[in-house]
Amino acid sequence: MLKEIFEGPEVVEAAMRGRLNPANGTVKLGGLEEEVEELRKKSALEIIACGTSYNAGMVGELLFEEFFGVPTETALASEYRYKHDAPMKNAAYLFISQSGETADTLAALRKANARKCLTLGLVNVVGSSIARETTAGVYNHAGPEIGVASTKAFLSQLTVLTLMALMLGRKTAAAKMIAAELAKIPKKIGNVLRSADSIMNLARKYAGYHDFFYLGRGYNYSVALEGALKLKEISYVHAEGYAGGEMKHGPIALIDERFPTVAVVTKNALYEKMISNIEEIKARRGKVIAVATIGDTMIKKLADDVIYVPPTVPQLEPMVNVVPMQLFAYAVGVGKGYNVDTPR
Ligand code: BG6
């Protein structure tokens, strides 16, 4: 798992290679080229996946709405496959799966195919069932992911989702800026990985707690879900991922000095909102581990511990901010003596 976490910069590079021209913001995804015209006629997009791939899909949802301008929803494959839904007319369906074999995602794909929908795949394993049965698609090129808990695949999924949104959307100044920034992300992930030892030491300090909240908003809501998922899956510690704004609708009642919160509070338009959430937690004597932007000195006064990450644009923050989450879960799992590569 640690090896795969450290492959983060490499897999982002691999997913962009030959596809992105950061100088002019042009994106070329061979596997989608024939469908681009058809996709641009669609009025809705549904992203369907499980687990970590679902969490990546939630970032994709925001990216597609922002850059492609098409209403997008993310659905859990295990729910979508059984629901008696009214099929969305003129929608495209994107299935995300590292393995390309997850039973629920495959069943959901078959349901969409039976309805003659346009189905796309974002898959890592070449020639897998989901890759074969979708109308068109894009590979991650992340190499084999051996660890059961997905880490590097998540980063490559986010890379490809960004490329897809940029390719389908209009070439606005904002889109070009994102393209240029995407090219810098491997270096920024490398920057986080250089502080891996201190992140893992911090994790060991918190390894005795039995419950954790993970909070984020906007693009970082998905990071909160993914952070909590990693901790549950490999450390067997109870963790809840929540959207910051939902805290007050019940979960805050659980907060006390035994229930720490990992808060993603990087500098973006929702920073002040996250600060309010942290203040509410501190008022209930909850401990806070903040994932914050380098240079944010104010956060030190509020949080018990701070993990600093390099700044980037909000749309790409998940790619940088998820890395401390992966390292944190890894260190807690290993610290408890578990085999994190093949969890229960
Ligand atoms: C789960 C794994 O079983 O499947 C998760 O433990 C993974 O880590 C999920 O995210 C979905 O897998 P895939 O291959 O469809 O992305």
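Here are a few things to note about the model shown:
- The range 1-139: equivalent-ellipsoid semi-axes (sqrt of 5 x gyration tensor eigenvalues, Cα, Å): 24, 19, 14
- Between amide H atoms placed 1.01 Å from N, distances below 5 Å from residue 121 occur with 95, 136, 137, 138, all of them 5 or more places distant or on a separate chain.
- Cα lying deepest toward the dipole's positive end in the chain, options 126, 274, 239, charges on Cβ: 274
- Near the amide H of residue 74, within less than 5 Å, lie the amide hydrogens of 47, all on another chain or at least 5 residues away, with H placed in the peptide plane.
- Computed lengthening from residue 21 to residue 34, 0.36 nm per intervening residue step minus Cα-Cα distance: 2.7 nm
- If you bin all the Cα-Cα distances of the range 129-247 at 5 Å, starting from zero, the percentages per bin are 2, 8, 12, 17, 21, 17, 12, 7, 3, 1.
- Against the empirical 2.2 N^0.38 Å (N residues), the chain has a Cα radius of gyration ratio of 0.96.
- Per-residue ellipticity at 222 nm from helix content only, as computed over the chain with -39500 (n - 2.57) for each DSSP H run of at least four residues, stands at -13000 deg cm²/dmol.
- Per-residue 3J(HN,Hα) values for the range 147-155, derived from phi via the Karplus relation 6.51 cos²θ - 1.76 cosθ + 1.60 with θ = phi - 60°, read x, 5, 6, 5, 10, 5, 4, 4, 5 Hz in sequence order (x marks Gly and Pro).
- Looking at the chain, the DSSP beta bridges with both ends there are about 5 percent antiparallel.
- For the range 5-55 versus the range 293-344, the spacing of their alpha-carbon centroids is 25 Å.
- Accessible surface, the range 1-144, averaged per residue in Å² (probe 1.4 Å): 44
- Heavy-atom accessible area with a 1.4 Å probe sorts 172, 159, largest first, into 172, 159.
- What you get for the chain, charging only the Cβ of Lys and Arg (+1) and of Asp and Glu (-1), is a dipole of about 280 debye around the Cα centre.
- Along the chain, longest interval not containing exposed GluC sites (Glu not before Pro), exposed being DSSP loop plus at most 14 other Cβ atoms within 10 Å: 102-256
- Rounded Å value of the spacing that divides the Cα centres of the range 205-265 and the range 79-152: 28
- Evaluating 6.51 cos²θ - 1.76 cosθ + 1.60 at θ = phi - 60° for every residue in the range 208-216, the Karplus couplings come out as x, 7, 9, 9, 9, 9, 10, 10, x Hz, glycine and proline recorded as x.
- Cα gyration tensor, the range 56-112 - rounded (a/c under 1.5), prolate or oblate: oblate
- Listed residues 8, 136, 68: farthest to the positive end of the dipole of the range 1-160 (Cβ charges): 136
- Evaluating 6.51 cos²θ - 1.76 cosθ + 1.60 at θ = phi - 60° for every residue in the range 231-245, the Karplus couplings come out as 5, 4, 5, 10, 10, 6, 10, 5, 9, 10, x, 9, 6, x, x Hz, glycine and proline recorded as x.
- Computed in the context of the full set of protein chains, the accessible area of the chain at 1.4 Å probe radius has 53% of its extent on carbon or sulfur.
The values are calculated or read from the model by the stated rules, or taken from the named source; none is laboratory data. A quick note: this is a predicted structure, and the numbers were derived from the prediction, not measured. Quick reminder, even Gly has a Cβ in these numbers, built from the backbone with ideal geometry, and neighbours come from all protein chains shown. Accessible surface areas use protein heavy atoms only, side chains included; no ligands, DNA or RNA. Shrake-Rupley method; radii C 1.70, N 1.55, O 1.52, S 1.80 Å.
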